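Structure record follows, encoded as structure tokens.
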Amino acid sequence: MKKLFLAATMLLGITSVNAQEPLIPMMQGGMPTDVKFNEYVAAPDGFDKETAGIEHGTIVEAEYQSTVTDTLRKVTIYLPPKYDKAKKYPVLYLLHGIGGDHKEWLQGEPKNIMDNLYAQKKAKPMIIVMPNGRALKDDRAIGNVYATAPGFEKFEGDLIDCLIPYIEKNYSVYTDQPHRAIAGLSMGGGQSLNFGLAHLDKFAYVGGFSSAPNTRQPQQLIPDADAFKKSNKLLWMVCGDKDGLMRNSSNLKSFCDQNNLPCTLISYPGGQHDFVVWKYGLYNFSQLIF
Ligand code: FER
């Protein structure tokens, strides 16, 4: 029955109404039996709620020209409280899932989460760039969204050659590897692991939340353990223990453990394929970077 449901979901491109991501049943295969999870510590109540009386950041929308799609592409940007052009900020590139676009992460309340963390001095001021990770001429999340998966691969060139240069030209940001992070949810988690680890010279911090089957195999992700150890400062993952996609994260975690490579994977208790887990991911990952 569950198999039938997923097949129907994939064919018809049905996504759930509130979260735009598909419902993922427990059917995507087992995970390595030796996987050792890191400790889950609950986020405090209200971490994602608006708090009165603190400084607030700003959400803006911008457009950049892409030589990959030959179109103007929209991107959502979070600027931290008191964004000041006289200062320089590090940048987190934050990627959405198969059912979403440059606005999907707004469901994860990044402004509330980051404003609250800054107010408590638990995260460094940073710019968060939320692009449309589907690098196609028509990059809308409509119809059978699974058919748009090739656009998520094409985004690698768009990110490296078009979006990052655009951000670095138009915002007051650092332009070196130690000041760049990449993370994402589901398809965006797979993209973050794929691109973040393939471009060790560009990204110091890499996060995957409920990463999807677009995630490359561990040996492809980390072909050179020494290069990884030298350049990567954080490889951090979370996935719900009720999410059928856990295998993508646990395969990588086992590989890293076997090869003595630093890697975190938290199994979110009762966690499904939704923003409960992804908000938790942003809340934790953003405190560990820069
Ligand atoms: C799949 C299952 C889930 C898949 C992608 C997803 C490309 C992505 C889910 C999401 O982004 O929420 O088999 O194949």
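Per-residue answers, yes or no, for (1) free of Cβ contacts under 8 Å to residues at least 40 places away in the same chain; (2) out of contact with any strand residue (DSSP E or B) (no Cβ under 9 Å at 6 or more places or on another chain); (3) open to solvent by 10 Å² or more (accessible area, probe 1.4 Å):
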position: HIS96; (1), (2), (3): no, no, no
position: GLU104; (1), (2), (3): no, no, no
position: TYR118; (1), (2), (3): no, yes, yes
position: ILE128; (1), (2), (3): no, no, no
position: ARG134; (1), (2), (3): yes, yes, no
position: ILE182; (1), (2), (3): no, no, no
position: SER186; (1), (2), (3): no, no, no
position: GLY196; (1), (2), (3): yes, no, no
One residue is enough: does segment 199-216 have a residue meeting the conditions open to solvent by 10 Å² or more (accessible area, probe 1.4 Å), in a helix (DSSP H, G or I), on the phi < 0 side of the Ramachandran plot and more than 12 Å from the ligand (Cβ to nearest atom)? no
Matching residues, segment 135-162, being hydrophobic (A, V, I, L, M, F, W, C) and either within 16 Å of the ligand (Cβ to nearest atom) or touching a helix residue (DSSP H, G or I) at 6+ places or on another chain (Cβ under 9 Å) (or both): ALA135, LEU136, ALA141, ILE142, VAL145, ALA147, ALA149, PHE152, PHE155, LEU159, ILE160
What's the number of the only condition in (1) surrounded by 20 or more Cβ atoms within 10 Å (Cβ to Cβ); (2) within 16 Å of the ligand (Cβ to nearest atom); (3) not in a loop (DSSP other than H, G, I, E, B) that LEU235 fails to meet? (2)
Matching residues in segment 163-198 - criterion: being outside any strand (DSSP E or B), within 15 Å of PHE152 (Cβ to Cβ) and more than 14 Å from the ligand (Cβ to nearest atom): LEU163, PHE195, GLY196, ALA198
Go through segment 17-57 and give me each residue that's surrounded by fewer than 12 Cβ atoms within 10 Å (Cβ to Cβ), among the β-branched types (Val, Ile, Thr) and at pLDDT 95 or above. VAL41
State all residues of segment 170-229 that are among the basic types (Lys, Arg) and over 29 Å from GLY244 (Cα atoms); if no residue qualifies, say none. ARG180, LYS202, LYS229
Which pairs do you get when a residue that is within 16 Å of the ligand (Cβ to nearest atom) and open to solvent by less than 10 Å² (accessible area, probe 1.4 Å), found in segment 260-277, comes within reach of a residue that is of a type in the set (Phe, Trp, Tyr) and modelled with pLDDT of 95 or more, reach meaning Cβ atoms under 6 angstrom, with the pair 6+ apart or on two chains? VAL277/TYR268
Would you say PRO165 is out of contact with any Phe, Trp or Tyr (no Cβ under 8 Å at 6 or more places or on another chain) and over 21 Å from GLY100 (Cβ atoms)? yes
Would you tally the residues in segment 80-105 being away from the ligand (no atom under 16 Å from the Cβ) and at negative phi? 13
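The values are calculated or read from the model by the stated rules, or taken from the named source; none is laboratory data. Since we're looking at a predicted model, the values are computed, not measured. Cβ sites come from the backbone with ideal geometry, for glycine too, and all protein chains shown count toward neighbours. To get the accessible areas, we keep the full protein, side chains included, count just its heavy atoms, and leave off ligands, DNA and RNA. Shrake-Rupley method; radii C 1.70, N 1.55, O 1.52, S 1.80 Å.
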